[in-house]
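Input: a single structure, listed below in structure tokens.
The values are calculated or read from the model by the stated rules, or taken from the named source; none is laboratory data. No experiment lies behind these values; they were computed from the predicted model shown. For neighbour counting, all protein chains shown are included, and Cβ atoms are generated from backbone atoms with ideal geometry for every residue, glycine included. The area values use the complete protein model at the heavy-atom level, side chains included, leaving out ligands, DNA and RNA. Shrake-Rupley method; radii C 1.70, N 1.55, O 1.52, S 1.80 Å.
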Amino acid sequence: MKTDTAAGEGGAPGPDEDPSRLASELRLTVGRVTRRLRQAHAVGDISLSGVSVLARLAADGPDSPTSLAEMERVRPQAMASTLAQLEQRGLVGRTPDAADGRRSIVAVTEEGRSVLAERRSESVRRLAAVLDEFSAAERASLAAALPLLGRLAERL
């Protein structure tokens, strides 16, 4: 039988004492949440990378494809493909860079903002419905973990 007892209590170290075990369990759990949210969206919907790019452009403003690739930690070719799909659907637009005509600047369109808001609302509704089944103490525990998860995301 698997137990989560701490090393000091005679068992294997718990996830709070073993960074590798915590990393493994965190990865699995966050992956499950992500997959379940992704499964709720329609077939042919925007990819997760596309949603991430739209969200970044909506929050940070227009940017170059090269800069977006760096911030999203993907190869420029992958970013070009993502941007082409978003542009084809009218969710982003390109304009020449005023400082360097060889470069383009990508910006989210009003349609892109609308799709992003709709997708966020759907995910938020699903999460809220499930969280409504949790106790107030459980919701407080999740809320307390959010700053740590945010910091973890920023440092990865």
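Counting only Cβ charges, +1 for Lys and Arg and -1 for Asp and Glu, the dipole size of the chain around its Cα centre is about 400 debye.
With 0.36 nm allotted per residue and the present C-alpha distance subtracted, the Arg113-Arg32 stretch has 26.5 nm of extension available.
How large, in percent, is the carbon and sulfur part of the accessible surface of region 60-155 at a probe radius of 1.4 Å? For region 60-155, the apolar C and S fraction of the accessible surface comes to 55 percent. Taking the square roots of 5 times each eigenvalue of the Cα gyration tensor of region 18-156, largest first, gives ellipsoid semi-axes of 32, 19, 14 Å. The mean accessible area for residues of the chain, using a 1.4 Å probe and ignoring ligands and nucleic acids, is 70 Å² per residue. May I ask for the net charge around Arg94, where only other residues with Cβ less than 15 Å from the Cβ of Arg94 are counted and Lys, Arg are +1 while Asp, Glu are -1? With Lys, Arg at +1 and Asp, Glu at -1, the net is -2.
Extents of region 48-118, taken as max minus min of Cα coordinates on every principal axis and listed largest first, are 34, 23, 22 Å.
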